[in-house]
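Trainee: Let me begin by handing over the structure; questions about it come next.
The values are calculated or read from the model by the stated rules, or taken from the named source; none is laboratory data. A quick note: this is a predicted structure, and the numbers were derived from the prediction, not measured. Backbone-built Cβ (ideal geometry, glycine too); neighbour counts: all protein chains shown.
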Amino acid sequence: MSTIEDKTPDYLYELVESYNDDYIFYQQGNIPFLLTFPHSGKNKIEGVGVRKKGIIDPDHHTDDLAMAIIRCFNCYHCFCKNCNCNKNSNNNNNSSSSGEGASSSPEHHHPDHSCNCEIKCQCHTMKQCDHVSDLKYYKDCPRPFIVYSKIHRKNCDFNRPEDKAYEDIRMKPHYDLYHRVIREYITKIKTEMNVQPLLLDMHGQSDLVNHILRGTKDLKTVFQLLRDNGGDQVLSGPNSILGYIHRHGIPVFPDPDPSVPAPLTKSQKIQLDPHKEHPHYNGAFTVINYSSEPININTIQVEVGFKWRSDYQNIIYFSKTFRDAILQFHRVYYLKKK
């Protein structure tokens, strides 16, 4: 496949620790957020049979979502510090910290005449790139740490404890690597950034196709976040991650306004409580394990509705909005405390 013409001067690149093969992708970040993708893989290991226990369906199109999110965080146009390339963005280095964050509009914002970088927005190039192998990292772009499994859930479920994750011993090295990298990145954030990481475990769901669902085991996996920030504004307020997404036109559940009636589920087998998380998507092994001792960090399971991962324009819009939500959260709940 063709890729966009790269006019970026070499001095704008930087070396970033990353790894990419047929089974896993991971990259080191420079902000205290860790995104994990346990059910996005399509690759099946030769000779390894289908698991006989547990769910084997992947979270469809979350591989595209992972690619788009990685691209959006590595778009030099959106973070160009030589000029005001994205005039509606407060995420570039010329912006004030009091803004609402970057525009999430999928339309391209043309750079002004003072810009000499000649770089087009690369948030829209997902379709033009097969893999992350061609990715070059730009200086000045904020990046979360990312761990993304490419192995099909039929072979291994990375969001389960090891004794339930796989049934063929050949999967053990892959399972161990996935979770070892997560632990190493958590340690790196704690020791080098001297802050508590926030882990966002990324999934897809189709019960509320228009919504993004929050999963925290009904606040158990974020008790430190709530304690340290004085209440639920950190989870549902305008500068929270899901609150930011909500006020930019993407429905979330639970709704930031608990007086809003709960939406009807696709299956209509359960009646949702507007004050509680969806009981089928309120958090599983990853968020429970890494929010517990001895690791003990804040974790949120993010369930992306089918609408926002099945259509190209919606994938890009969600990915840019999600990126901006993370960066706004970082400004308000990390940087302003320093």
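Trainee: Restricting the search to segment 229-248, which residues are out of contact with any Ser or Thr (no Cβ under 8 Å at 6 or more places or on another chain) and more than 18 Å from ASP218 (Cα to Cα)? Working first, answer last.
Mentor: Here is the first cut: in segment 229-248, the residues out of contact with any Ser or Thr (no Cβ under 8 Å at 6 or more places or on another chain) are 229-232, 236-241, 246-247.
The answer is PRO238, ASN239, HIS246, ARG247.
Trainee: May I ask you to say which residue of PHE318, PHE322 is in contact with a Cys (Cβ under 9 Å, 6 or more places away or on another chain) and either among the polar types (S, T, N, Q) or surrounded by 21 or more Cβ atoms within 10 Å (Cβ to Cβ) (or both)? Show your work before the answer.
Mentor: Working: PHE318 fails: in contact with a Cys (Cβ under 9 Å, 6 or more places away or on another chain).
Residue meeting the stated conditions: PHE322.
Trainee: Kindly establish whether PHE285 is touching a Lys or Arg at 6+ places or on another chain (Cβ under 7 Å), surrounded by 13 or more Cβ atoms within 10 Å (Cβ to Cβ) and either modelled with pLDDT under 95 or closer than 24 Å to LEU35 by Cα (or both).
Mentor: Values: touching a Lys or Arg at 6+ places or on another chain (Cβ under 7 Å): yes; surrounded by 13 or more Cβ atoms within 10 Å (Cβ to Cβ): yes; either modelled with pLDDT under 95 or closer than 24 Å to LEU35 by Cα (or both): yes.
Yes, satisfied.
Trainee: To continue, here is another question. Taking TYR138, is it closer than 28 Å to ASN314 by Cα, among the aromatic types (Phe, Trp, Tyr), in contact with a Leu (Cβ under 9 Å, 6 or more places away or on another chain) and at pLDDT below 95?
Mentor: Against the criterion (closer than 28 Å to ASN314 by Cα, among the aromatic types (Phe, Trp, Tyr), in contact with a Leu (Cβ under 9 Å, 6 or more places away or on another chain) and at pLDDT below 95), TYR138 qualifies.
Trainee: To continue, here is another question. Checking TYR11 against (1) part of a loop (DSSP other than H, G, I, E, B); (2) modelled with pLDDT under 90, only one condition comes out false. Which one?
Mentor: (1)
Trainee: Additional query: Looking only at segment 284-301, filter to residues that are in contact with a helix residue (DSSP H, G or I) (Cβ under 9 Å, 6 or more places away or on another chain) and aliphatic (A, V, I, L, M); which one of those is farthest from GLN205 (Cα to Cα)?
Mentor: Among those that are in contact with a helix residue (DSSP H, G or I) (Cβ under 9 Å, 6 or more places away or on another chain) and aliphatic (A, V, I, L, M), it is ILE295.
Trainee: Still on this structure: Among the numbered criteria (1) more than 28 Å from PRO238 (Cβ to Cβ); (2) touching a residue at least 12 places away in the same chain (Cβ under 8 Å), which single criterion is violated by GLU293?
Mentor: (2)
Trainee: A further question on this structure: Checking GLY29 against (1) within 30 Å of THR191 (Cβ to Cβ); (2) part of a helix (DSSP H, G or I); (3) not aliphatic (A, V, I, L, M), which single condition isn't satisfied?
Mentor: Looking at each condition in turn, GLY29 falls short on (2).
Trainee: Sticking with this one: Which one is surrounded by the most Cβ atoms within 10 Å (Cβ to Cβ), of the residues in segment 221-248 that are free of Cβ contacts under 8 Å to residues at least 24 places away in the same chain and part of a loop (DSSP other than H, G, I, E, B)?
Mentor: Out of the qualifying residues, it is GLY237.
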